[in-house]
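Scroll down for the structure; my scribbles are underneath it.
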Ligand SMILES: NC(=O)c1ccc[n+]([C@@H]2O[C@H](COP(=O)([O-])OP(=O)(O)OC[C@H]3O[C@@H](n4cnc5c(N)ncnc54)[C@H](OP(=O)(O)O)[C@@H]3O)[C@@H](O)[C@H]2O)c1
């Protein structure tokens with residue numbers, strides 16, 4: 001039977017390109033994005049480009065934990081197993097923006113969503129092992145440090161610092177998942193896709209948007225190259241049994257020194273878990 005791969009943020013950029021190639025390879029795909037209109041168009045586009053009809057779309061705002069909870073119910077009702085989960089949806093948000101649930105948006109979308117969706121889908125991924133969970137991180141994490149007293153930076157928000165920290169969190173989360181769950185038959189890896197000419201940064205205004213656009217025009221690689229490591233981690237036999245690693249250009253790479261501090265990985269896990277639990281209590 002074909003493997004089923006769920007990709008978040010699959011309506012554009014790296015996620016959409018990853019979906020295209022995995023559809024060509026015959027995977028069954030479950031795509032997630034925040035716009036039903038855009039999602040349905042992407043499904044039609046991918047089906048006509050590849051002839052693979054096993055492509056479905058589900059709509060959710062991944063910066064909202066209630067929306068993630070509803071999404072996971074929908075996924076469990078519609079599919080018997082998810083073999084591969086790619087947590088890919090993410091954004092750089094230059095100005096402090098709070099979600100309806102009171103979270104800083106970068107933290108909510110780039111970190112809380114990876115954590116919560118993984119937690120909710122893990123049982124399904126374990127249904128039919130070996131399973132793979134892949135977190136799209138970034139080299140932007142390299143100079144980041146987490147401030148456990150100010151995880152969401154509400155009082156002194158700097159967009160790039162918040163983004164880099166969220167990508168460091170993706171890596172620390174991957175390593176902690178590996179330690180907690182790799183004996184379940186599910187592997188956990190994360191990656192840097194490269195600096196990619198996607199829609200990344202376009203959600204901002206003014207200098208933040210213009211500077212990223214200019215940098216993309218000059219330095220960025222195209223989507224075909226930018227999706228390669230995600231596709232490799234989802235589909236290659238080379239990574240059977242490989243877990244708890246950070247990849248760059250389809251090779252194991254070294255992440256920043258602070259990302260390997262196990263005590264902090266555990267601390268981040270516990271702090272995040274507490275935050276997520278509160279979203280249930282608040283109803
Ligand atoms: N581009 C780069 O240079 C680069 C470098 C390193 C790491 N990354 C990482 O790569 C990942 C993908 O980014 P990209 O470059 O492909 O960006 P992109 O072109 O902006 O695509 C982002 C995708 O995420 C979706 N998304 C955004 N907010 C969402 C929300 N609240 N709920 C659900 N879906 C949402 C977008 O939906 P819409 O189609 O509705 O906008 C889109 O499908 C991110 O995690 C990013 O941090 C990118």
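Condition check ((1) within 24 Å of residue 111 (Cβ to Cβ); (2) away from the ligand (no atom under 13 Å from the Cβ); (3) at pLDDT 95 or above) across all residues:
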position	(1), (2), (3)
185	no, yes, yes
190	yes, no, yes
193	yes, no, yes
201	yes, no, no
213	no, no, no
226	yes, no, yes
234	yes, yes, yes
238	no, yes, yes
243	yes, yes, yes
query = So which pairs qualify, if the first residue must be in the stretch 184-208 and closer than 19 Å to residue 33 by Cβ, the second must be within 15 Å of the ligand (Cβ to nearest atom) and assigned to a strand (DSSP E or B), the Cβ gap must be under 6 Å, and the two must be at least 6 apart or on different chains?
reply = 196/221
note = The condition of being loosely packed, with under 13 Cβ neighbours inside 10 Å and over 30 Å from residue 3 (Cα atoms) holds, among 274, 265, only for 274
task = Run residue 241 past the list (1) under 18 Å from the mean Cα position of the chain (by Cα); (2) on the phi > 0 side of the Ramachandran plot and report the number of the one that doesn't hold.
result = (1)
ask   = Restricting to the stretch 8-48, what's the tally of residues that are within 7 Å of the ligand (Cβ to nearest atom) and surrounded by fewer than 17 Cβ atoms within 10 Å (Cβ to Cβ)?
value = 2
query = Between a first residue in the stretch 57-76 that is more than 15 Å from residue 7 (Cβ to Cβ) and without any contact (Cβ under 8 Å) to a residue 24 or more places away in the chain and a second residue that is near the ligand (Cβ under 10 Å from one of its atoms) and in a loop (DSSP other than H, G, I, E, B), which pairs have beta carbons less than 9 Å apart while being 6 or more apart in sequence or on different chains?
reply = 67/34; 67/60; 67/61; 70/60; 74/60
message = I'm told residue 42 meets every condition in (1) outside any loop (DSSP other than H, G, I, E, B); (2) under 14 Å from residue 9 (Cα atoms); (3) within 16 Å of the chain's Cα centre (by Cα) except one. Can you identify the failing condition by its number?
response = (3)
inquiry  = Please go through the stretch 225-242 and give me each residue that is assigned to a loop (DSSP other than H, G, I, E, B) and surrounded by fewer than 20 Cβ atoms within 10 Å (Cβ to Cβ), ordered by number.
reply    = 236, 240, 241, 242
Those residues of the stretch 4-39 which are touching a strand residue (DSSP E or B) at 6+ places or on another chain (Cβ under 6 Å), over 20 Å from residue 128 (Cα atoms) and part of a strand (DSSP E or B), in sequence order = 8, 32
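The values are calculated or read from the model by the stated rules, or taken from the named source; none is laboratory data. Values in this document were obtained by computation on a predicted structure and should not be read as measured data. Positions of Cβ are generated from backbone atoms using ideal geometry, with glycine treated the same way; all protein chains shown enter the neighbour counts.
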